[in-house]
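Below you'll find the structure, written out as structure tokens, and then a few comments.
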Number of protein chains: 2
Amino acid sequence: MGRTIRFMETILRDGQQSQIATRMPIEDMLPVLEDLDSCGLYALEVWGGATFDSCLRYLGEDPWERLRTIRSHVKNAKLQMLLRGQNLLGYRNYADDVVEEFVKKSVENGIDVLRIFDALNDTRNLKTSIRAAKEAGGEVQAAICYTTSDVHTVRYFVSLATEMERAGADSICIKDMAGVLTPEVAYELVGEIKAATDLPVQVHTHGTAGIGQMTYLKAVEAGADIIDTCLSPLAEGTSQPATESMAIALDGLGYETDLDVDKLDAIAKHFAGVRDRFLADGGLNPKVLEVEPKALLYKVPGGMLSNLISNLADLGASDRYNEVLAEVPRVRAELGYPPLVTPLSQMVGSQALMNVLSGERYKVVPKEIRDYVHGMYGRPPVTISKEIRKLIIGDDEVITRRPADLLEPELPKAREEIGMYAKSEEDVLSYALFPEQARDFLGRREDPFYDVPVQEVEVTIDVA
Amino acid sequence: MGRTIRFMETILRDGQQSQIATRMPIEDMLPVLEDLDSCGLYALEVWGGATFDSCLRYLGEDPWERLRTIRSHVKNAKLQMLLRGQNLLGYRNYADDVVEEFVKKSVENGIDVLRIFDALNDTRNLKTSIRAAKEAGGEVQAAICYTTSDVHTVRYFVSLATEMERAGADSICIKDMAGVLTPEVAYELVGEIKAATDLPVQVHTHGTAGIGQMTYLKAVEAGADIIDTCLSPLAEGTSQPATESMAIALDGLGYETDLDVDKLDAIAKHFAGVRDRFLADGGLNPKVLEVEPKALLYKVPGGMLSNLISNLADLGASDRYNEVLAEVPRVRAELGYPPLVTPLSQMVGSQALMNVLSGERYKVVPKEIRDYVHGMYGRPPVTISKEIRKLIIGDDEVITRRPADLLEPELPKAREEIGMYAKSEEDVLSYALFPEQARDFLGRREDPFYDVPVQEVEVTIDVA
Ligand SMILES: [Co+2]
Ligand SMILES: [Co+2]
């Protein structure tokens, strides 16, 4: 028999995050958790990314409780989470004490594998979370944030992978958040990383540009060990290629998948009902299923293009679109080729827009860009030239240390501030990560009437 | 440089037929016909299939006029149509005189390539249209109707392809209408047909089951010359993989495509607007974009499954679904393994349903099945056993000749019947194919008020 290819199922995290804005409640998961656990899947991605924020903000769920619940039903498959390195689940650097504690508690509450990445691919920003994960007994999957640019060559990514291996990674993920990894690059990249390291390689892409299936196929042919797929009801489009489809195709091509496709089909039937509900109530916008090859043509992620279009429309400057589009790669190069992923894609887009609209390049510079040039986000792939640096931050000093080295411990203050509502260390961490949302959530938990409008309470009393 | 892979663009026929029920009017095509002609596409599929009926029935367009209009704008790309052999664009056998005249007029009005297939893969049903096409100077693409069953092996299809070559085919199409052709079978089948014939091989699949991109990739690796794709706005799901995406992926892998992707992108922008309009007014049901791997698991096309489900629901017998599903392959085997394509899929489904619900197998038999067993549709892939034949048609004789041999010429009668409205031989053919719709359409053309309700005419008079 052929080589075994394992699958990570994303429907509980990236699949639902990509298609239904992470609004799936635990109730939609409970009926099939045991089946998901016993159908041969290598791992379930269930936590991290936007799920934490969404639990607190929209679903009235304790994210830690969700994790424990899932763990209580899942005994065979690994539980995986996505972590933005020093940014954890947010977009700012947290102090090391928060990172250490958060990672430790993630493992304690049930996570097996932590997929850790940094938007700039600055491995210094992964250091603390990798160490903490290993200390807690978790498995570290270091993720390369895949992007295209003159400097993001196969050689560059391979050297990054070897750096990650030295930093203690147990496996490598090629994380293509924008769906721009083409089949031939996937083939080359996977082959080279397999040759240069001793680690399993997992590939993550999206169907947005209409090439995801081929990218996985070529990655597998080059030696990829695990692919990320989503059960058919929330597959393709902005999500991943379908689990059942990839399994059947690879099986036919002589690979082993260990998957019970009949069981997968039964689980898919459940999620088809969930999907239909979201489609009916507008929670699933059919636009997410459209094929959008633009990102491959313009080398700019689809989401960034639509952001620019809507920002320009808001400013009544839609006619400057082509100028801004041409300015994007220029700004990106000048800023040292940051990967075009959140929040860097938004930052580069804003700067390009301001450069065009203000009539003078870098006349207006958002605070985030100044912080970035100061080194507060980490090391750009290429050093920013003296001229551009001077233009943006004048003679200010640039931080050369790991940005989080500058941060004082944050947990003591968090503990104090949320003390009256926090019942556990996990609660404190929720507050440390998302103060407003956690305070709201924990407060409501304390007082069931907390968020009930006064008027409604009166009505209830009247009736009684 | 690598081998050249050519593309046939389907957005004007199969793409729009699959996603928006063939409702695209010529006005949506006109603005981009010249661009479609000059961006390197090998062919445009523009006619046949359901377009003819849809023009007459829903769009108030003369299908012949549409073809001539398109031809007047398209000088480089070949114009292609889909033809159901002796059934032309319908589901019954037409007499040879109709077939001959229809094919001749198709070429005269602008068609370059006729893709001709028979639902049973009975090449006798292709004979007349192939001969007529060649006489008219058209290019004949004989299409294998791809299906899966115990008898539909690679060897079977290869022998069919060689038979088609002997019958005069200029190229072979592997036509996978249900999207069930897996990558490994595509690879094997294309390779074997290329080895066994001297003809170009074109592959046609659908994205329904979530494997279409991989199937094309493997087909290309095995030597396929042309693939059928659809511009991104109506791509994937029940339609084909996206033209731009496949072009970029294949280009990256070292193949030549001759395509101008920037031009394709500009054309796609136009069709994105069309798509959005159909989506907004309900003409595009987002369900067509969903991934549905069921057809791969059950070896039964998705459309057939949903038909069964809704038929059973109508009959209040939804609880018998699994029994009917198990009966389908049994009936199919007993009927000589017909490909599960229209109308055979519906016929097999109905018979399976009646076998289960009536409590006795073949107690109730629809007229179509009796005709089929009589040989009126052609030769089944496998001869039907004496027992089953006897059960269905008793001691009746089975036709062993080509079914259309039994038909008297039909054009004289058609000419007479539609004489008062027909202004051309093309009009007569429209009537010969779709009498009701053509009479309505040609009548309306005669009298612009023909279909205006009396009440509205009165209102107009009142106002005046
Ligand atoms: Co992702
Ligand atoms: Co088709």
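A few remarks follow.
- The trypsin sites (Lys or Arg not before Pro) of the range A:61-159 that meet both conditions, a loop assignment by DSSP and at most 10 other Cβ atoms within 10 Å of the site Cβ, are A:75.
- Peptide A:247-257 - average C-beta neighbours from other chains (10 Å radius): 4
- Chain B shape via C-alpha gyration tensor axes, a/c threshold 1.5: rounded
- The protein assembly as shown, dipole about Cα centre (Lys/Arg Cβ +1, Asp/Glu Cβ -1), debye to the nearest 20: 1460 debye
- In plain terms, the chain from residue A:408 to residue A:195 could stretch by 72.6 nm, reckoned as 0.36 nm per residue minus the Cα-Cα distance.
- Label-point spacing at residue A:221 relative to the other copies reads 0.3 nm, in ascending order, each point sitting 7 Å out from Cα along Cα→Cβ.
- Peptide ranges B:255-264, B:310-319 listed from the most packed, as the mean C-beta count within 10 angstrom indicates: B:255-264, B:310-319
- Under 5 Å between amide hydrogens, built in the peptide plane, is the criterion, and for residue B:22 it picks out B:17 among residues at least 5 positions away or on other chains.
- Using a 7 Å Cα-to-Cβ projection, residue B:281 label spacings across copies, nm, ascending: 3.1
- Full-extension gain in nm, residue A:363 to residue A:276, via 0.36 nm per residue minus C-alpha separation: 26.4 nm
- Between residue A:65 and residue B:444, the modelled labels are 6.0 nm apart [label points 7 Å from Cα along Cα→Cβ].
- Counting Lys and Arg as +1 and Asp and Glu as -1 over every other residue whose Cβ lies under 15 Å from the Cβ of residue B:320, the net charge comes to -3.
- When peptides A:278-285, B:437-444 are sorted by average Cβ neighbour count within 10 Å, with the highest value leading, the order is B:437-444, A:278-285.
- With each label modelled as a point 7 angstrom along the Cα→C-beta vector, the residue A:383-residue B:73 pair spans 5.7 nm.
- 10 Å Cβ neighbours from other chains, averaged over peptide A:210-223: 5
- Inter-chain shielding of A:235-245 (mean C-beta neighbours from other protein chains, 10 Å cut-off): 5
- Mean silhouette area of the protein assembly as shown, derived from the convex hull of its C-alpha atoms and averaged over all directions, reads 47.1 nm².
- Label zone at residue B:57 (point 7 Å along Cα-to-Cβ), backbone N below 18 Å, the range B:1-44: B:13-26
- Ordering of B:379-387, B:325-333 by burial proxy (mean other Cβ atoms within 10 Å per residue, highest first): B:325-333, B:379-387
- For residue A:362, inter-copy label distances in nm, listed shortest first [label point 7 Å out on the Cα-Cβ vector]: 8.5
Every read-out reported here was derived from the displayed coordinates using simple, explicitly stated rules and does not represent laboratory data. What you see is a predicted model; the values in this text were computed from it and never measured. Virtual Cβ from ideal backbone geometry, glycine too; neighbours counted across all protein chains shown.
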